[in-house]
Amino acid sequence: MVIVGASAAGLTAAETLRRRGWNGELTLIGDESRLPYDRPPLSKQILTGAWEPERTTLRTLRDLDRLKADLRLGQRAVALDVPGRRVRLGGGESIGFDALVIATGVAPRRLPDSDLAGVHVLRTLDDAIALRAALLAGPRVVVVGAGFLGTEVAAAARVMGLEVTVAEPEPVPVRRPFGDRVGELVADLHRDHGTRLRCGVGVRRLRGAGGRVAGVELGDGTTLPADVVVLALGSTPATGWLSGSGLRLRDGVECDALCEAAPGIYAAGDVASWFNPHFGTRMRLEHRMNATEQAMAAVGNLLGGYTPFAPVPYFWTDQYDTRIQAYGIFPPDAEMRIVYGDPSDGHFAAAYGHHGRVVGVLGWNAPRQVRTLRRLVVDRAPWAAFAAAPALDPATVN
């Protein structure tokens, strides 16, 4: 068994193999030299200094020794030979396999001139450590992109007392996952904490002076002065090493409902695109919980199971004193209804309907309520009957 990718999905795949009784040869390949670590804290606790970097480590070296695996950290897979059942590494070595799990994750998108000093992306722990060091100098910060990562970085920088501006081409932050209404609430949250927002205008280019970033020029011709620029433009699946392998690679490694991309070859985590039968659609998720759950499901099927992977996705974001939690999917044309609480009170839950069913629920500082509402997504509750019902009584949602 060979697993390429040693982050959450790859580590979980390795542990699941051993837990399910696989006692044969196991190789775990990771392009970072660090022990596997957790990524969600990078944009929050690591940036603010609430955690030391070592706290993100998922397993100690002793834990990894118990896997009895050939651990290849700091080695990058560069090619896959499907007919020959071999993975080639950057140093020229090739490793044979009977079965393979691809868990290589994603890579951050960049802009031209992003090699200027002071320009940062945030994907790895080393990225987070470097960005924190830059923020400690008290710079003017411009965050390009107002998705989850961009808004979390902006919140962390504001908690540190820095001058922060967020540039986003969409009219509101986090519009793609949640729509305009929740996006407006996130915008208000950031403005209330002193973040400047420039939404509805794209970025034309980065401006530099003497090899260092000096500002971000927007599409309307204005320039945002900056000492540090954080690019939070989303990610692309890390599939370059699979070019020429014969695997289908549209928006990730395309798999069936069992997470199988080709006979004996499975994918899990951010890199995997698979058909989710619960929602009747193909999806690729960059969520921490999905990495763990999909790795377990893929290994179960690799070992002879036949269980379609049909989860209700769960994800969350922490910004300032607010936690937004979500279950399900949130299509752009979905209908939204507040079903508990009031957004003006900073404590509410909402449901999303699409094609006649409840497909997603969201909680804003409402963890118990959104966990209760999750059942609607699991049961594919009819939207018409639910939307016509009165709002939930707070006393009944616990």
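Which of the residues belonging to the range 10-61 are touching a Ser or Thr at 6+ places or on another chain (Cβ under 8 Å), closer than 21 Å to ARG85 by Cβ and of a type in the set (A, V, I, L, M, F, W, C)?
none
For ASP321, indicate whether it is of a type in the set (D, E, K, R), at pLDDT 95 or above and open to solvent by 20 Å² or more (accessible area, probe 1.4 Å).
Considered against the rule, which asks whether it is of a type in the set (D, E, K, R), at pLDDT 95 or above and open to solvent by 20 Å² or more (accessible area, probe 1.4 Å), ASP321 comes out as no.
Provide a single number: the residues in the range 294-310 that are without any contact (Cβ under 8 Å) to a residue 60 or more places away in the chain and surrounded by 18 or more Cβ atoms within 10 Å (Cβ to Cβ).
Result for the range 294-310: 3.
For the range 214-240, enumerate the residues that are closer than 16 Å to GLY147 by Cβ and in a loop (DSSP other than H, G, I, E, B).
Hits for the range 214-240 are ALA232, LEU233, GLY234.
Restrict the check to the range 30-39 and report whether at least one residue is part of a loop (DSSP other than H, G, I, E, B), free of Cβ contacts under 8 Å to residues at least 40 places away in the same chain and exposed (fewer than 15 other Cβ atoms within 10 Å of the Cβ).
No - not one qualifying residue is present in the range 30-39.
Is it true that some residue in the range 181-189 is part of a strand (DSSP E or B) and modelled with pLDDT of 95 or more?
No, there is no match, as no residue in the range 181-189 is part of a strand (DSSP E or B) and modelled with pLDDT of 95 or more.
Quick check on my filter: what residues within the range 91-123 are open to solvent by 30 Å² or more (accessible area, probe 1.4 Å), touching a Lys or Arg at 6+ places or on another chain (Cβ under 9 Å) and closer than 25 Å to ASP38 by Cα?
Selection gives ALA107, PRO108, ARG123.
Just name the residue that is most open to solvent (accessible area, probe 1.4 Å) out of those in the range 266-293 that are of a type outside the set (Ser, Thr, Tyr), touching a helix residue (DSSP H, G or I) at 6+ places or on another chain (Cβ under 6 Å) and part of a helix (DSSP H, G or I).
Of everything passing the filter in the range 266-293, ARG288 is most open to solvent (accessible area, probe 1.4 Å).
Looking at (1) open to solvent by less than 50 Å² (accessible area, probe 1.4 Å); (2) of a type in the set (A, V, I, L, M); (3) on the phi < 0 side of the Ramachandran plot, can you tell me which one VAL174 breaks?
Condition (3) is where VAL174 drops out.
Yes/no matrix, rows are residues, columns are (1) in a strand (DSSP E or B); (2) within 15 Å of ALA99 (Cβ to Cβ); (3) not small (Gly, Ala, Ser):
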position	(1), (2), (3)
LEU11	no, no, yes
ARG18	no, yes, yes
TRP51	no, no, yes
LEU67	no, no, yes
VAL78	yes, no, yes
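Hey, can you tell me all the residues within the range 133-151 that are touching a Pro at 6+ places or on another chain (Cβ under 9 Å) and either part of a helix (DSSP H, G or I) or outside the structural domain of GLY215 (by TED's automatic domain parsing) (or both)?
PHE148, LEU149, GLY150, THR151
The values are calculated or read from the model by the stated rules, or taken from the named source; none is laboratory data. Since the model is a prediction, treat every value here as computed from it, not as a measurement. Cβ atoms come from the backbone with ideal geometry, glycine included; neighbour counts cover every protein chain shown. With ligands, DNA and RNA removed, areas are computed over all heavy atoms of the protein, side chains included. Shrake-Rupley method; radii C 1.70, N 1.55, O 1.52, S 1.80 Å.
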